[in-house]
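Take a look at the structure below.
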Amino acid sequence: MTPQNKLLKKECLPTFVETLVKGGKLLYAPTKENERIEFKLIENFSEIYLDYIQTTKSIKSIVFPPIEKLFEYVADKEHVEIKDVNLNTIPETIVFGAHPCDAASFKVLNAVFTWDCNDEFFLTRKDKTTVIGLSCKNHDDYCFCTSVDLNPGSTEGSDILLTRIENDNYLAEIMTEKGEAVYKLVKNLFEPAPQVDKNAFVTQLPKLFDLNDLRGKLSFEGLSWMQQSLRCLSCGTCAYVCPTCSCFDIQDIGNQTKGKRVRIWDTCALPQFTLHTSGHNPRHFQNERWRQRIMHKFSYEPERLHVYGCVGCGRCSRACPVNINILENLIEISGGNK
Amino acid sequence: MDRVKQKARDLLDSNKVQVVIGYEEGTDGTARPVFIMDSKNIDKLIFNDRCYHNLAVYLTKVEVEKIGRVAVEASLNTLKGIVKLASEGQFVFEDIDILGVNRNGELYEFASLDEVIDYIDQHPVEYSPEEISLLRKIESMTREERWEYWQEEFSRCIRCYACRAACPNCYCDACIVDINQPQWISPTPDALGNLEWHIIRAMHLAGRCVNCGACAKACPVDIPLNILNLKLAEEISKNFGISEEFLLTNYPLAIYDPNDKENFIK
């Protein structure tokens, strides 16, 4: 479909959101509680906090939950009965107020989950999710979306992208059929869009390194992987707040006669990542796992999946308990300008 | 600080140690751990109130062990971590060098583990008023309220294990939560799994925790894990009637004493 622009006046925003909630879909939006900014299930517009730079966790869990039941089983000595998950029970969902970095992350996840087979859990969740993005008014020192070919007003991944323009009204760019379906539900709230230079209303974030330079300089041997990662504590925080990290582990919960198989998030930072049954681990030392993290995102994924595994949201750096700042490291590797 | 830097420089230049672990300025106004292997970088070292990480955590890491002998810039909490780890046989005290200054501004000169223990004993911990008030608030709750409080807190847990990774005393090669044959506790980030994890983490540290608060500070979703440990430390002290000095070098839950006041053990 051809994208179309509309104007949503600020006084119409609460009705817009609440109409969507009443429409029966689950609506997740950023909230602020005890200084913690997180996406939560919303019932009223007043719960929403839009004036944020970044949430701690990403919107990844909506399409790739931290725990996903794959099937249930019942077994006796002779038979095993497998009960599949009914994918129809996955709810229709709207993510409201996600920044462009988060919206763009679904493309990266999609590349992984459709690579060698189509992951029906991810795809069903993604198909049932509508993203209403929000351009960024502000950024902080951790943000670097412009260095990974995105920008604070990117429409990539948003079904509708809202940008706050004059008088706190919103320019609504309706990008996809899912976006149009939402628009049609609340058409009366929209007005024709004014001629407006969107870029004047989004934050100006300078590009801090060049992706091609970075990719050219990445090498398995010869970089200071150890020096960059010595302070790493080997926890999974960076991967679990990351919108694009997609590694998972499979676990059985239950016993020999009854239970379920689930997949849960996994991360290359943990020492038992890729630990073989034999006891050998090809990535025994943290510097080898840190190299895996960077090479995966900036070399292997672009090579194999034609996407970079990073949207520049900066969450990993903000959440790291020992201030491993990925931007600092990427600039260092690429020989960037800072 | 100049004397600390000079000592660190001397240790590296004379090749008595191969790495100095200390603090440097982070990228966001915080202090962060730094590993210095070349004395020309020694001016990066800082030490101030922002240096909260318990650097003892690095002393048992395989990545650090392979570099060689270590000198560590030690806060009081790091000293406690060192004593605990040495007491539990994780390394020999004489195999590390300790950098820092005491409250009189003199360079640390510890000839033995006992001298470190004496020093720690002269500087009793002062828990922050925030920690104490939160602990008392939770204690004053009914059992049901307390259950709800922790359920709510644990519900945010994403099982990143930053609490475990930041703790000097969580040094097991194979943590109980990572063992799946048999699976002792659930690794899943749901209500039961999270409850099991946080109970087992706290219980494994009961009587061993040095109350540095590194777990809570590392938590990306602000679960006040240090309060669980603080409460357990109080319970251990109360029930075993022992001092912090004793706790540092002993593990009361693993000691047999014929004079134990409990009858079941006799």
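In table form, for the structure just shown:
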{"read-out": "Nearest-20 debye value, the stretch A:1-127 charge dipole, Cβ charges on Lys, Arg, Asp, Glu", "value": "600 debye"}
{"read-out": "Where chymotrypsin sites (Phe, Trp or Tyr not before Pro) fall in DSSP loop in the stretch A:1-73, at most 16 other Cβ within 10 Å", "value": "A:49"}
{"read-out": "Distance in nm between pseudo-label sites at residue A:278 and residue B:143 (7 Å out along the Cβ direction from Cα)", "value": "5.3 nm"}
{"read-out": "Interchain or long-range residues, amide H under 5 Å from residue B:101's placed H", "value": "B:108"}
{"read-out": "³J(HN,Hα), Karplus 6.51/-1.76/1.60, whole Hz, each residue of the stretch A:92-107, x for Gly, Pro", "value": "5, 9, 10, 9, 10, x, 7, 6, x, 5, 5, 4, 5, 5, 4, 5"}
{"read-out": "By average C-beta atoms within 10 angstrom, highest first, the peptides A:318-326, B:8-16", "value": "A:318-326, B:8-16"}
{"read-out": "Ratio of Rg to Rh over the stretch B:2-122 (Cα coordinates, Kirkwood Rh, two decimals)", "value": "0.93"}
{"read-out": "Volume in Å³ per residue [convex hull over Cα atoms, computed for chain B]", "value": "159 Å³"}
{"read-out": "Set of lysines near residue A:107 by C-alpha distance (under 21 Å), chain-local residues within fewer than 8 positions excluded", "value": "A:57, A:60, A:126, A:128, A:178, A:297"}
{"read-out": "Cα-based helix-to-principal-axis angle, B:129-139 vs chain B, degrees rounded to 10", "value": "20 degrees"}
{"read-out": "Mean-position separation - Cα centroids, the stretch B:96-159 and the stretch A:61-97, in angstrom", "value": "42 Å"}
{"read-out": "Neighbouring partner chain Cβ atoms per residue of A:317-326, average, 10 Å criterion", "value": "6"}
{"read-out": "For q = 0.22 Å⁻¹, Debye-computed log10 I/I(0) when each Cα of the stretch A:258-338 counts as one equal scatterer", "value": "-1.23"}
{"read-out": "Assigned charges on the beta-carbon of Lys, Arg, Asp, Glu; the stretch A:4-334 dipole about Cα centre (debye)", "value": "260 debye"}
{"read-out": "Estimated Rh, the stretch A:1-131: Kirkwood, alpha-carbon pairs, angstrom", "value": "17.0 Å"}
{"read-out": "Relative contact order computed over chain A (Cα-Cα under 8 Å; 6+ residues apart), in percent", "value": "22 percent"}
{"read-out": "Label-point gap, in nm, between residue B:151 and residue B:200 - each point 7 angstrom along Cα→Cβ", "value": "2.2 nm"}
{"read-out": "Linear extension gain, residue A:304 paired with residue A:1, 0.36 nm per residue minus alpha-carbon span", "value": "106.2 nm"}
{"read-out": "Karplus-derived HN-Hα couplings along the stretch B:82-91 (A = 6.51, B = -1.76, C = 1.60, θ = phi - 60°), whole Hz, x at Gly and Pro", "value": "4, 4, 4, 5, 5, 5, 8, x, 7, 7"}
{"read-out": "Gaussian network model of chain B, Cα within-10 Å springs - most flexible of B:19, B:125, B:72", "value": "B:125"}
{"read-out": "Per-selection Rg to Rh, the stretch A:4-334 - Cα, Kirkwood hydrodynamic radius", "value": "1.00"}
{"read-out": "Distance in nm between pseudo-label sites at residue B:50 and residue A:215 (7 Å out along the Cβ direction from Cα)", "value": "3.7 nm"}
{"read-out": "Burial ordering of B:69, B:103, fewest other beta-carbon atoms within 10 Å first", "value": "B:103, B:69"}
{"read-out": "Fewest-first ranking of A:301, B:235, A:68, using other Cβ atoms within 10 Å as the exposure measure", "value": "B:235, A:68, A:301"}
{"read-out": "Helix B:2-13 vs. chain B, principal-axis angle (Cα, 0 to 90°, nearest 10)", "value": "80 degrees"}
{"read-out": "Modelled FRET efficiency - R0 30 Å, residue B:173 with residue B:237, Cβ distances, 0.05 increments", "value": "0.50"}
{"read-out": "Gyration tensor (Cα) of the stretch A:52-101, equivalent ellipsoid semi-axes in angstrom", "value": "36, 12, 5"}
{"read-out": "The protein assembly as shown: projected area of the alpha-carbon convex hull, averaged over directions, in nm²", "value": "32.7 nm²"}
{"read-out": "Amide proton proximity set for residue A:40, modelled H, under 5 Å, gap of 5+", "value": "A:29, A:31"}
{"read-out": "Most positive-pole-ward Cα, A:108, B:83, B:138, against dipole of the protein assembly as shown from beta carbon charges", "value": "A:108"}
{"read-out": "Test item: Cα-centred dipole of chain B, Lys/Arg +1 and Asp/Glu -1 on Cβ, debye", "value": "340 debye"}
{"read-out": "Label-reachable residues, the stretch A:225-262, where backbone N falls under 18 Å from a point 7 Å from residue A:78's Cα toward its Cβ", "value": "A:257"}
{"read-out": "Most mobile of A:311, A:17, A:262 in a GNM of chain A (Cα contacts under 10 Å)", "value": "A:262"}
{"read-out": "Nearest-ten-degree value, helix B:113-122 long axis tilted from longest Cα axis of chain B", "value": "70 degrees"}
{"read-out": "Within straight-line cross-link reach of residue B:7, aspartates and glutamates at Cα separation under 19 Å, skipping those fewer than 8 residues along the same chain", "value": "B:24, B:38, B:43, B:73, B:94, B:95, B:97, B:106, B:109"}
{"read-out": "Contact order relative to length of chain B, as percent, for alpha carbon pairs under 8 angstrom and 6 or more apart", "value": "16 percent"}
{"read-out": "Most fluctuating residue given options B:142, B:30, B:60, as computed from a GNM of chain B linking Cα atoms under 10 Å", "value": "B:142"}
{"read-out": "All-pairs Cα distance distribution in the stretch A:172-212, expressed in whole percent, bin size 10 Å", "value": "21, 31, 29, 15, 4"}
{"read-out": "Whole-percent pair-distance distribution, where bins are 5 Å wide, for the alpha carbons of the stretch A:93-216", "value": "2, 10, 18, 20, 18, 14, 10, 5, 2, 0, 0"}
{"read-out": "D (Stokes-Einstein, µm²/s), Kirkwood Cα radius, the stretch B:129-254, 0.890 mPa s at 25 °C", "value": "160 µm²/s"}
{"read-out": "Listed residues B:184, B:163, B:149: farthest to the positive end of the dipole of the stretch B:142-203 (Cβ charges)", "value": "B:163"}
{"read-out": "Cβ-derived FRET efficiency at R0 30 Å, residue B:15 paired with residue B:94, nearest 0.05", "value": "0.95"}
{"read-out": "The stretch B:2-122 - share of DSSP beta bridges that are antiparallel (%, nearest 5)", "value": "55 percent"}
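None of the figures in this text is laboratory data; all of them are computed from the coordinates on show. Source: prediction; values computed, not measured. We place every Cβ from the backbone using ideal geometry, glycine too, and count neighbours over all the protein chains shown.
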